[in-house]
Each structure stands twice: as structure tokens, then as C-alpha cells.
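Asker: There's a structure below that I have some questions on.
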Amino acid sequence: MNKERLTTFIDAVLAIIMTILVLELNKPDPVTLAGFWALKENFFAYTLSFFWLGTMWINLHNEWYKIKRINGQTIWATMVMLFFSSLFPYATSLVSENFNNTAAQGFYGMIVLFITLANLLTYHTLSKANQEEKFVAELIKTRNHWLQIDVLIKIIGLILALTIFPPAMMYSVLLTLIVLVIPNQIKNLKQRHHLPPEQKDSFT
């Protein structure tokens, strides 16, 4: 299997998952401003989940264009990532309706962590498949460094959610999104802008 076939599959599955998210939104009853406001936690959970998955896809887009080869381990690590991603609409629905529930937030946190760990595993397999490519090794090393910080923040959020403050899990995801993920995407885009034209090819 070549890289393009795998990344096209990732695109398709993530697009479906992100579309399903909106189907889990509750409708206001009654349909008034007060009714919409009563669903503020529902909309927050949807928005956070949508943009978290969206930024994950953008990271793949911005970084995989440098990757030349994948292997069987990459495919299976990607399948694990997509499996846990497919549970995101379900987890989001749980926390949106039970925002201050420890079990709901804990389940959401575990799904987020499993997706992140699966991404780390995927980058590990890419590193092995592209050992002779120095720039790929540097890219993955940088990526893994901030992903480890990302995981640490989420683990702290999960511990807080399971002990004293359930919403801490979702707030930790929001924190990593604002402090780590989006700034790194902006940095990658700036670096890519200065690459020679032949290295700017996209995997999509």
C-alpha cells in the first residue's frame, strides 16, 4: 500500500466521524434563546471535539507530505487511531449530556488519550520506515516531543476529572489545543512556506 492510499482513507474516515458529531447535538426545547443557552455544554462539547479532530487532520496534512514510505505497522497503528476516533461522537454525546459526570468525562478522556497514543505509535512506525531520511527523523522527533507534553497535560486533566473536578478533562483538551496544537501547526505552515516548490507537494 502506498502513502496516498492510506492518507485518502484517513481523510474519508475522519470526514465521516466529524460529520456524525453534529448529528449528536440535542435540539432546544423550547426553541428559544433560553433553550439554546440550556444546551451550552452540548455545543461546547461538539465544538471542542470537532476542532480537536480537525486539527489532528491538519497535522497529518502538514507533516505527512514529507514522508516517503509507510510500512505494515504504520497501517495498523493508523487503524487503531481511527478505531478510537470513531468512538468520538459517542464520547462527545455522553459528556455533552453529562458534563459534570465523572464517568462520562473519564471515558471521553480515555478516548482522547488513546487517539493521542495511537498517533505517537504511528509516528514511531514512520520513523522506522524512513530511517535514512534525516529531515523525517527530525520532524518526528520534534512532533513526539510536544505530543509527550500534550499527553502529560491530558493525564493531569483525567486525574482531576476522576477525583475532584469532572470538567477538567475537557478543559485540558482545550488547553492543549490552544497552547500546543494550533501554535505548532502555525509553525509548520511557516516552515513549509519556505521550502523549495518540489518539497511542497501535499498528500491529498
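The values are calculated or read from the model by the stated rules, or taken from the named source; none is laboratory data. Owing to the predicted nature of the structure, the values given are computational and were not obtained by experimental measurement. Heads up, the Cβs are rebuilt from the backbone with ideal geometry, glycines too, and the neighbour counts pull from every protein chain shown.
Asker: Would you pick out the residues in the range 75-89 that are touching a residue at least 24 places away in the same chain (Cβ under 8 Å), within 17 Å of the chain's Cα centre (by Cα) and over 13 Å from Ile16 (Cα atoms)?
Answerer: If the condition is that a residue be touching a residue at least 24 places away in the same chain (Cβ under 8 Å), within 17 Å of the chain's Cα centre (by Cα) and over 13 Å from Ile16 (Cα atoms), then Ala77, Thr78, Val80, Met81, Phe84 are the ones that fit.
Asker: Now for a separate question. Looking at Ser93, Ser85 in this structure, which one is part of a helix (DSSP H, G or I), within 14 Å of Trp52 (Cα to Cα) and of a type in the set (S, T, N, Q)?
Answerer: Every option except Ser85 fails the conditions.
Each row is one residue, and each column tells you yes or no for (1) under 25 Å from Gln148 (Cβ atoms); (2) touching a Cys at 6+ places or on another chain (Cβ under 9 Å); (3) at pLDDT 95 or above; (4) among the aliphatic types (A, V, I, L, M).
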site: Gly35; (1), (2), (3), (4): no, no, no, no
site: Trp52; (1), (2), (3), (4): yes, no, no, no
site: Thr55; (1), (2), (3), (4): yes, no, no, no
site: Leu60; (1), (2), (3), (4): yes, no, no, yes
site: Phe83; (1), (2), (3), (4): yes, no, yes, no
site: Leu87; (1), (2), (3), (4): yes, no, yes, yes
site: Phe107; (1), (2), (3), (4): yes, no, yes, no
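Residue by residue, here is whether (1) under 30 Å from Leu25 (Cβ atoms); (2) in contact (Cβ under 8 Å) with a residue 40 or more places away in the chain holds:
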site: Thr102; (1), (2): yes, yes
site: Tyr108; (1), (2): yes, yes
site: Ser127; (1), (2): no, no
site: Glu138; (1), (2): no, no
site: Leu160; (1), (2): yes, no
site: Tyr171; (1), (2): yes, no
site: Leu175; (1), (2): yes, no
site: Leu180; (1), (2): yes, no
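Asker: Moving on. Condition first: under 20 Å from Leu177 (Cβ atoms) and part of a helix (DSSP H, G or I). Can you find one or more residues in the range 21-37 that meet it?
Answerer: The answer is yes, given that some residue of the range 21-37 is under 20 Å from Leu177 (Cβ atoms) and part of a helix (DSSP H, G or I).
Asker: Among the residues of the range 1-52, write down those that are farther than 20 Å from Thr74 by Cβ, free of Cβ contacts under 8 Å to residues at least 12 places away in the same chain and among the hydrophobic types (A, V, I, L, M, F, W, C).
Answerer: Matches in the range 1-52: Ala15, Ile16, Val31, Leu33, Ala34, Phe36, Trp37, Ala38.
Asker: Something else about it: If a residue must be of a type in the set (Phe, Trp, Tyr) and either in a loop (DSSP other than H, G, I, E, B) or modelled with pLDDT of 95 or more (or both), how many such residues does the range 126-170 contain?
Answerer: The qualifying residues number 1.
Asker: I would also like to ask the following. How many residues does the range 83-139 contain that are among the acidic types (Asp, Glu) and surrounded by 16 or more Cβ atoms within 10 Å (Cβ to Cβ)?
Answerer: Of the residues in the range 83-139, 1 are among the acidic types (Asp, Glu) and surrounded by 16 or more Cβ atoms within 10 Å (Cβ to Cβ).
Asker: Within the range 68-78, is even one residue surrounded by fewer than 21 Cβ atoms within 10 Å (Cβ to Cβ) and touching an Asp or Glu at 6+ places or on another chain (Cβ under 8 Å)?
Answerer: yes
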